[in-house]
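The values are calculated or read from the model by the stated rules, or taken from the named source; none is laboratory data. Being a predicted model, the structure only gives us computed values, none of them experimental. When we count neighbours, we look across all protein chains shown, and the Cβ atoms used for this are built from the backbone with ideal geometry, even at glycine.
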There are 2 protein chains.
Amino acid sequence: MRTSIATVCLSGTLVDKLHAITDAGFDDVEIFEPDLIAAPQSPEEIRALCERLGLGIALYQPFRDAEGVVEHEFARVLQRAEAKFQLMDRLGVDTMLVCSNVATATIDDDDVSADQLARLAERADAHGKRIAFEALAWGRYIDDYRRAWSIVERADHPALGVCLDSFHILSLGHDPAAIERIPGDKIFFVQLADAPILSMDVLSWSRHHRLFPGEGGFDLPAFVAHALRAGYAGPLSLEVFNDVFRQTDPARTALHAARSLTVLQDALDVGRLASDSDRHSDSSSEPLELDQVELKAPDTDEVAALLERIGFAPRGRHVSKSAWLYAAGEARLVLNEHNVSIAEPRIAGFGLRYAEPHGAASRAERLGARRAHRRVLSGEADLPAILSPDGTEILLSGPDSGIRWPEEFTGGRGAPDPGILGIDHINLTEPVADIEEAVLFYSTALGLTRESAAELAGPTGLVRSQVLRSRAGGVRLALNVVPPLSEQRPAARRHAQHVAIACVDLPSLLTRARARGLRTVPVSENYYDDLAARLDLPDEELVRLRSAGLLYDRDEAGEYLHCYTETVGTVFFELVERRDGYDGFGAANTPVRLTAQHAAA
Amino acid sequence: MRTSIATVCLSGTLVDKLHAITDAGFDDVEIFEPDLIAAPQSPEEIRALCERLGLGIALYQPFRDAEGVVEHEFARVLQRAEAKFQLMDRLGVDTMLVCSNVATATIDDDDVSADQLARLAERADAHGKRIAFEALAWGRYIDDYRRAWSIVERADHPALGVCLDSFHILSLGHDPAAIERIPGDKIFFVQLADAPILSMDVLSWSRHHRLFPGEGGFDLPAFVAHALRAGYAGPLSLEVFNDVFRQTDPARTALHAARSLTVLQDALDVGRLASDSDRHSDSSSEPLELDQVELKAPDTDEVAALLERIGFAPRGRHVSKSAWLYAAGEARLVLNEHNVSIAEPRIAGFGLRYAEPHGAASRAERLGARRAHRRVLSGEADLPAILSPDGTEILLSGPDSGIRWPEEFTGGRGAPDPGILGIDHINLTEPVADIEEAVLFYSTALGLTRESAAELAGPTGLVRSQVLRSRAGGVRLALNVVPPLSEQRPAARRHAQHVAIACVDLPSLLTRARARGLRTVPVSENYYDDLAARLDLPDEELVRLRSAGLLYDRDEAGEYLHCYTETVGTVFFELVERRDGYDGFGAANTPVRLTAQHAAA
């Protein structure tokens, strides 16, 4: 199927947008009228540019307030439309979107609407054009695609069909199954937008909060499948009004948009449309385990000291790079000082193990991930690596190769603390402009499954946190969105990235680690007083937590003990002990942690 | 009445917040429990700090999920409460907020709730504490303050009263008049929050979008008046959950909050509670006219050239400052090069005429405006000046003095173009973090009236625009909010400030101005094609607009012709002609203007 996107999805001028859309690989474009009106280029220039770029103009939109009006008003509608048909001739586009009347309709009568739309279609036909009629969710009388179709059916004109927009249909909870009762050749156009499930007026929801497919709560593969079963053969076109995408780089947004359509088409191809959780990943595309985390800086001495205090031991220096491996249990942290331009230590990448790492890398590339270049010398493991949208390097290893690469580090010394089991999760930060793209990347190109997002109160704003994980549970990744207005404030540095280390008997480990010089972020006494009031904890347990300086959480299954180290650069570590299948991340304690870090900043 | 604010309104640590609250002049504070829990200070330290600062702790909040539960659950409630009463002893606070049960209530029976709240109050009483019970708008069973009161009345315990929160009452559209039926001594606490009128779920609305009084759509003076008539004598306390205020400087937010309470108290004092439009200004506190606009930069040559091309003539250089006055009709623009650290020309201030400028300045100062220092030499007009929150200097002149100060500029040459009438409006830009504070400042300290806000699509994001004006119409001010994520992009500079010049026969003026070398922002041909399709304009009028390069708008009353000059620094000029009482700002044309400016950037 051809892919398409509306110019309104992107920021910039019309010419900027057309280039970005072409570069992202779309076949077609919907021209959003205000973009053309504001453009200095003539319609002929835009047409010629699209021809040179190989971009089809699939739709001109929107034409408003056409039907359900009194006759003298309708004469004006035909006059307006005549001017637009001439414009479409100049632009070289066949189909015009007419959306159901919001402002001027006074006649709630399907016969009148059908008659007027038929006459409009007749005029269109005379220009070799056709009309795609769409029910807006806030149309004055017509807000349901089934009614729009019944009017189009009644009008019975070859140049009149319907446009189906997933947002208008799914936002009102209308069942999309009836799409299959519309003849495919009467579905003139399909527009796709996802959206978070929000409870707000549908107009604001639509104008500000639409998302690309796979990023919200709508089941778009099922929606599109209905249109395909009806016989629709036109383009799949994205129409996403979003406050953030309006402000961000159009080239990047267009790539991001294209990736969402590829994922959607994959889901359609494999025919697994039944449930949301099946959509993005199957067991073969899902990572098995977190292999390692890589921190980069010109000087990683402070991180090395911190890791040794926690209980890591150096496994050696890399044979050909300025990189050191610190390990304990299944936790492996690479400190990379090779060719680094980053001033302060940060998480520069991580490794994931897949059953078929080369297959996983190809899949990620097809979904728009860039391949990362790695220098590999003779005898070293040549692992595929890809880049996340923000440049984090993800190294893909197999069940075997994941065990071989540590052998490239030589000269190890000492034994790690046996209390360390592995890496529990990684927590990365994303600016608000990048979060949707990052979530889409990790949930599709990397095969992780998105969980619902939480919002946590910190001293400089609310932190939105999105968890992604492998369904088998081996990989857990949290993405935190920094409050955007606080980014300029010094304390925002403390909205740092972190790596959580899984431990056994954390209180004992902490005693040993503190003897090695580890300092953890202090927990307020008030926290323990509140814990005592809130939970039925045995007194001796409370005393243990308090004396160990541990935070505590529990869910139906089990318990979670955790604490945080000081921050080095923009990285800190969390030490965690999960008991009896606790499945969360201690989110209730985040405000306490953020406040303590804020005070220490 | 005592003034109070909840710590949750501000960003930072608890100690930061207490200092900011004191510095802003509040009498009392509500301690929001999570702030205390996260604080490293003991309750005794917080108490001692508040004592030193002279800040009363008026409320400890919130205690959740108390009533309507099964008995064994209620035993846990009493245990939890006991711990909190002990904490309140340490903190030295008498009143605890209990909000209606959201999570654990299973019994929808007022007798059960009354009985349980009475027993809770009995325990509180034993500690010398009291309980203020509040109906949350999303309480499971109790979401109406009238029902909360009827339960409190039924419980009939001296240590049990109600807390009235304006948000929970007004957001659900409940009539606040019934507040007057509650005995004043049973209203233990009043919490105030304003909010924009939004159609979304009330929980999200409450948690993210509350505003300080006077900034939203609630009639808070009427609300408070009901409580006062009931005999309430406790503090007026602000409880505002707002995503922006959580991120911004607490000292500034606290001042802003204090200003909103002063305005509210003024409104109560004068007893003009009837209508929203009467609330903030009367004719004596309202500005009569815009006197002048001042642009500052070390070098204003380019602005001077632009003004002369438009048709301004130099009225002279200031006798004691490096400042030049350009005038035409009633439009006066001061170009100030005196002692300037701003790199590029920008709007640094403006002058307003008041019937009593010194009275207006005192009033603004009492509402938190800082006084601006002006160097004045012998014989020069000594006008009072105040600073807006973002540092814009506002010079207040009287009906007479407004005519005298231009005499301080000498050496004028030439005659201005007679087509220029005066200044139509000023358009300033505000970052999103500052807009609420700016709107409150201009609508209260300066006596302007706030109109509804509009949202305009630009090529790098949606621009929110808030118009303020004097009711007599002499002063028009628009505040535009720059899309925050685009601030870093170069094109954001084009979201510049501007001064609109009112003209008569704009097409002729433009012919003369272009002969003087003026260049205006080009308007796309597509714009005129669309104008022709949209409006029934006579062809010759369309030709005139097109050949003059003018944008066009109309409303019920009249028409608006306008165009824009190039940008110098961050300032440009709009030339406007209002015909027959047109009352808008040509907002429909803003996307065309922004796109043209974006392309020129």
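Test residue A:449 against the stated conditions and say whether it is modelled with pLDDT of 90 or more, of a type in the set (Ser, Thr, Tyr) and closer than 30 Å to residue A:264 by Cβ. Judged against the criteria, residue A:449 is a match. Among the residues of the stretch B:102-115, is there at least one that is of a type in the set (A, V, I, L, M, F, W, C) and in contact with a strand residue (DSSP E or B) (Cβ under 8 Å, 6 or more places away or on another chain)? No, the stretch B:102-115 has no match at all. Output the residues belonging to the stretch A:66-88 that are acidic (Asp, Glu) and touching a Phe, Trp or Tyr at 6+ places or on another chain (Cβ under 9 Å). Scanning the stretch A:66-88 gives a single hit, A:67. Residue A:200 meets each of the listed conditions (1) of a type outside the set (S, T, N, Q); (2) surrounded by fewer than 19 Cβ atoms within 10 Å (Cβ to Cβ); (3) at pLDDT 95 or above apart from (3).
Is it fair to say residue A:59 is in a helix (DSSP H, G or I) and within 23 Å of residue A:235 (Cβ to Cβ)? Spelling it out, it is not the case that residue A:59 is in a helix (DSSP H, G or I) and within 23 Å of residue A:235 (Cβ to Cβ). Please tell me if residue A:175 is without any contact (Cβ under 8 Å) to a residue 12 or more places away in the chain, away from chain B (no Cβ under 14 Å) and on the phi < 0 side of the Ramachandran plot. Taking the combined requirement at face value, the residue satisfies it. Here residue B:546 does not qualify as touching a Leu at 6+ places or on another chain (Cβ under 8 Å) and among the basic types (Lys, Arg). Taken over the stretch A:548-597, the criterion of being of a type in the set (Lys, Arg) and more than 14 Å from every other protein chain (Cβ to nearest Cβ) is satisfied by A:554, A:578, A:579. Taken across the stretch A:505-518, residues that are of a type in the set (S, T, N, Q) and more than 29 Å from residue A:430 (Cβ to Cβ) do occur, with at least one present.
All conditions in (1) in a loop (DSSP other than H, G, I, E, B); (2) touching a Leu at 6+ places or on another chain (Cβ under 8 Å) hold for residue A:68, with the sole exception of (2).
Note on the stretch A:304-327: residues that are on the phi > 0 side of the Ramachandran plot and part of a strand (DSSP E or B) amount to 1.
Scoring residue A:376 on the criteria (1) touching a helix residue (DSSP H, G or I) at 6+ places or on another chain (Cβ under 9 Å); (2) over 30 Å from residue A:248 (Cβ atoms) leaves a single failure, condition (1). Would you mind stating whether residue A:39 is more than 14 Å from every other protein chain (Cβ to nearest Cβ) and either over 22 Å from residue A:160 (Cβ atoms) or among the small types (Gly, Ala, Ser) (or both)? Taking the combined requirement at face value, the residue does not satisfy it.
Answer yes if at least one residue in the stretch B:488-499 is at positive phi and in the same structural domain as residue B:548 (by TED's automatic domain parsing), and no otherwise.
First, the residues of the stretch B:488-499 that are at positive phi: none.
There is no residue in the stretch B:488-499 that is at positive phi and in the same structural domain as residue B:548 (by TED's automatic domain parsing).
Among the residues of the stretch B:428-462, the ones that are in contact (Cβ under 8 Å) with a residue 24 or more places away in the chain, more than 10 Å from chain A (Cβ to nearest Cβ), farther than 24 Å from residue B:345 by Cα and small (Gly, Ala, Ser) come to 4 in all.
Exactly one residue out of B:91, B:59, B:117 is closer than 26 Å to residue B:241 by Cα, at pLDDT 95 or above, surrounded by 22 or more Cβ atoms within 10 Å (Cβ to Cβ) and among the hydrophobic types (A, V, I, L, M, F, W, C): that is B:59. Each residue in the stretch B:509-540 was checked for being more than 12 Å from chain A (Cβ to nearest Cβ) and either within 36 Å of the chain's Cα centre (by Cα) or at pLDDT 95 or above (or both), and 12 pass.
For the stretch B:379-487, list the strands (runs of 3 or more DSSP E) that sit wholly inside it and hold at least 1 residues that are within 21 Å of residue B:244 (Cα to Cα); which are they? So that I can check it myself, show each step before the final result.
Numbers: elements: B:385-387, B:393-397, B:409-411, B:420-430, B:449-458, B:461-469, B:476-481.
Filter on the stretch B:379-487 gives B:420-430, B:449-458, B:461-469, B:476-481.
Can you confirm whether residue A:388 is among the polar types (S, T, N, Q), touching an Asp or Glu at 6+ places or on another chain (Cβ under 6 Å) and buried (at least 22 other Cβ atoms within 10 Å of the Cβ)? Taking the combined requirement at face value, the residue does not satisfy it. The set of residues in the stretch B:102-125 that are more than 21 Å from residue B:6 (Cβ to Cβ) and either free of Cβ contacts under 8 Å to residues at least 40 places away in the same chain or not in a helix (DSSP H, G or I) (or both) comprises B:103, B:104, B:105, B:106, B:107, B:108, B:109, B:121, B:122, B:125. Residues that are of a type outside the set (S, T, N, Q) and touching a residue at least 40 places away in the same chain (Cβ under 8 Å) were ranked within the stretch B:157-172; the one that is surrounded by the fewest Cβ atoms within 10 Å (Cβ to Cβ) is B:157.
Residues in the stretch A:9-36 that are assigned to a helix (DSSP H, G or I), surrounded by 24 or more Cβ atoms within 10 Å (Cβ to Cβ) and of a type in the set (A, V, I, L, M, F, W, C): 5 in all.
Could you check the stretch B:160-201 and list, in sequence order, the residues that are assigned to a loop (DSSP other than H, G, I, E, B) and not polar (S, T, N, Q)?
Kept after step one, since they are assigned to a loop (DSSP other than H, G, I, E, B), are these residues of the stretch B:160-201: B:171-175, B:182-183, B:193, B:195-199, B:201.
Selection gives B:172, B:173, B:174, B:175, B:182, B:183, B:193, B:195, B:196, B:197, B:198, B:201.
In the stretch B:11-28, is there at least one residue being under 23 Å from residue A:594 (Cα atoms), touching a Lys or Arg at 6+ places or on another chain (Cβ under 6 Å), modelled with pLDDT of 95 or more and within 14 Å of another protein chain (Cβ to nearest Cβ)? So far as the stretch B:11-28 goes, no, none of its residues is under 23 Å from residue A:594 (Cα atoms), touching a Lys or Arg at 6+ places or on another chain (Cβ under 6 Å), modelled with pLDDT of 95 or more and within 14 Å of another protein chain (Cβ to nearest Cβ). In the stretch B:341-356, which residues are in a loop (DSSP other than H, G, I, E, B) and surrounded by 16 or more Cβ atoms within 10 Å (Cβ to Cβ)? Those that are in a loop (DSSP other than H, G, I, E, B) and surrounded by 16 or more Cβ atoms within 10 Å (Cβ to Cβ): B:344, B:345, B:354.
Return yes or no: is residue B:375 out of contact with any Gly (no Cβ under 9 Å at 6 or more places or on another chain) and in a loop (DSSP other than H, G, I, E, B)?
Details: out of contact with any Gly (no Cβ under 9 Å at 6 or more places or on another chain): yes; in a loop (DSSP other than H, G, I, E, B): yes.
Yes; evaluated as a whole, the condition is true for this residue.
Residues that are assigned to a loop (DSSP other than H, G, I, E, B), without any contact (Cβ under 8 Å) to a residue 60 or more places away in the chain and within 14 Å of another protein chain (Cβ to nearest Cβ) within the stretch A:202-249 comprise A:210, A:243, listed in sequence order.
Kindly indicate whether any position in the stretch A:126-134 is more than 14 Å from every other protein chain (Cβ to nearest Cβ) and in a helix (DSSP H, G or I). There is at least one residue in the stretch A:126-134 that is more than 14 Å from every other protein chain (Cβ to nearest Cβ) and in a helix (DSSP H, G or I).
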